[in-house]
1. Given the structure, is residue 90 modelled with pLDDT of 95 or more, of a type in the set (Asp, Glu) and surrounded by 24 or more Cβ atoms within 10 Å (Cβ to Cβ)?
2. Considering each of 159, 140 in turn, give the residue that is of a type in the set (Ser, Thr, Tyr) and assigned by TED's automatic domain parsing to the domain that holds residue 106.
3. Residues of region 99-114 being modelled with pLDDT under 90 and β-branched (Val, Ile, Thr), which ones?
4. When you look at residue 2, is it modelled with pLDDT under 95, within 24 Å of residue 133 (Cα to Cα), touching a Lys or Arg at 6+ places or on another chain (Cβ under 7 Å) and not hydrophobic (A, V, I, L, M, F, W, C), yes or no?
5. Only one of these is in contact with a Pro (Cβ under 7 Å, 6 or more places away or on another chain), on the phi < 0 side of the Ramachandran plot, part of a helix (DSSP H, G or I) and of a type outside the set (D, E, K, R): 67, 140. Name it.
6. Going by the structure shown, is residue 185 over 19 Å from the mean Cα position of the chain (by Cα), in a helix (DSSP H, G or I) and surrounded by fewer than 23 Cβ atoms within 10 Å (Cβ to Cβ)?
7. Which condition number in (1) at pLDDT 95 or above; (2) touching a Ser or Thr at 6+ places or on another chain (Cβ under 8 Å); (3) surrounded by fewer than 19 Cβ atoms within 10 Å (Cβ to Cβ) is the one that residue 205 fails?
8. Taking residue 217 as the residue in question, decide whether it is part of a helix (DSSP H, G or I), within 20 Å of the chain's Cα centre (by Cα) and over 15 Å from residue 160 (Cβ atoms).
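The values are calculated or read from the model by the stated rules, or taken from the named source; none is laboratory data. Just so it is clear, the structure is predicted and the values come from calculations on it, not from any experiment. Cβ atoms come from the backbone with ideal geometry, glycine included; neighbour counts cover every protein chain shown.
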Amino acid sequence: MNPLRRLFTLFSWACVALLLLSCGVPHSTPTDLSQMKSPEELAEASKKAYETGKNAPEKKTRLELASSGLAYAGKCLKTSPESVPCLYYEALNTGLFVQNHITNFQRGLKTMITDCETVAKIQADYESGGCYRIMGNIYSQAPSFSFNPKHITQDLDKSVEYLQKAVALAPTYPLNQLFLARSLEASGKKDEAKNHLQEFDRLPHTGLDSEYADWNKDRESLARKLL
């Protein structure tokens, strides 16, 4: 549901310093934005922008679609601030945007967490515990250190807690099991991680290539450590 892994594996202090100097980020105002009124159609448009954008081959296109998705969700949330689909796809489009342009990525992560905390209070089981899955991945893959105490950094205890909630809500959704296994292994809880990886293996993997293209790499990496 969420493509955060590549975002955080790219980080080093040198590349962050370089990329902070970049400019000319594509922003896109959808031509049909003014025609859309209801939260339902705005949420659907935001979802479509995200799903198209995450699979787009060019970075510029991914940024433009993420920007469009944010515009749809933003308009929705102005009149319906507790629209669960709009909050959810604002979080995902934010993630897609900062994945491709990491300037101010901390602000993006905070937006994602704020949106997901709201969704968790209103409809925690939305998209198979999707917001717990997003927050679990943020705290698993975030940079391990920051000079700014207000920045979001890696917290494996929080990651495991959120992903356990996702699994409790939707145990048959395979990515919940895979991501929990990954965070447990990183926490040194090998036996628990193995159990969840084996549960992942028992579940059907239909559609995972489009939902999370790196699932097989993660699975194989964990299998070498656990099985």
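1. Yes; evaluated as a whole, the condition is true for this residue.
2. From the options 159, 140, the qualifying one is 140.
3. Answer for region 99-114, where residues must be modelled with pLDDT under 90 and β-branched (Val, Ile, Thr): 102, 103.
4. yes
5. Numbers: 140 fails: in contact with a Pro (Cβ under 7 Å, 6 or more places away or on another chain).
Answer to the check: 67.
6. yes
7. (2)
8. yes
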